[in-house]
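Report on one structure; see the data block that follows.
Nothing in this text is a laboratory measurement; each read-out follows from the coordinates by a stated rule. As the structure is a computational prediction, the values presented were derived from the model and not from experiment. In this analysis, Cβ positions are derived from the backbone assuming ideal geometry, glycine residues included, and neighbour counts consider all displayed protein chains.
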């Protein structure tokens, strides 16, 4: 991960759970931590300054934040707090952190749940169609540097594929084709990971269903602290909205040269 800075942005109030976690990230990744605050009470800024003295990394606090700061400074990570919101309210309202996520195109982003204070277990989603070598390498390196437990996962949308096949094939033939496509899906994703990481074999978790629903659900029920998805995945916003765990969106660009 070539850039030297993590930006932690906080608006109106400091989430000290998240701040402690971001300090740990900066220490593990050996990056400078810059905390950008906006409309935050002076006493919270002073408290943040005191806490940062215990962070074993270079730190800085800056007041004021615009998205062009991200474009200009190009941090390794932008970390923000994902506000808690009821599912019903979420149908009609988008959070401020989700607005930022929609606008971030060229920076790796982590959206921490409000109560997030540890990162010990990471789930890396590998989308067969869109996950690139760069994404796989970045997510893998991130998890390895943090020295956390992590798993790769992929999801096969079986019912959707079978429904489409039944329009043009008899039921039994459609089921057979789905089974073959399922096997092919697993083989393709395993090969993608092995090639990206130069590994002879990989452990891959495989589930079935609508990926944008089942992947976030799996992350929650299996108690992962962070779900990592790739930026170019289809319906990225739905993954964010469906996630009840912290979620990271990492870039898909291929390495130059």
Length released on extending from residue 137 to residue 20, taking residue separation times 0.36 nm less the Cα-Cα span: 39.5 nm
At 20 °C and a viscosity of 1.002 mPa s, what translational diffusion coefficient does Stokes-Einstein give for the chain, taking Rh as the Kirkwood radius over Cα pairs? Give it in µm²/s as a whole number. 110 µm²/s
Which whole-number percentage describes the relative contact order of the stretch 1-117, with Cα contacts under 8 Å and a sequence gap of 6 or more? 33 percent
Relative packing of 179-186, 121-128, which averages over residues the other C-beta atoms within 10 Å, highest first: 121-128, 179-186
Identify which of 118, 137, 176 has the largest mean-square fluctuation in a Gaussian network model of the chain, with springs joining Cα atoms closer than 10 Å. 176
Rounding to the nearest 10 and keeping the result within 0 to 90°, find how far the Cα-based axis of helix 171-197 lies from the longest principal axis of the chain. 40 degrees
In deg cm²/dmol and to the nearest 500, what is the mean residue ellipticity at 222 nm of the chain if only DSSP H runs of at least 4 residues count, each as -39500 (n - 2.57), divided by the residue total? -13500 deg cm²/dmol
Taking every DSSP beta bridge with both residues inside the chain, roughly what % is antiparallel (nearest 5)? 5 percent
Kirkwood Rh (inverse of mean 1/r, distinct Cα pairs), the stretch 1-56, angstrom: 11.5 Å
Averaged over every viewing direction, what's the projected area of the C-alpha convex hull for the stretch 91-163? Give it in nm², one decimal, please. 7.4 nm²
The ratio Rg/Rh over the Cα atoms of the stretch 1-117, Rh being the Kirkwood inverse mean 1/r radius, stands at 0.95
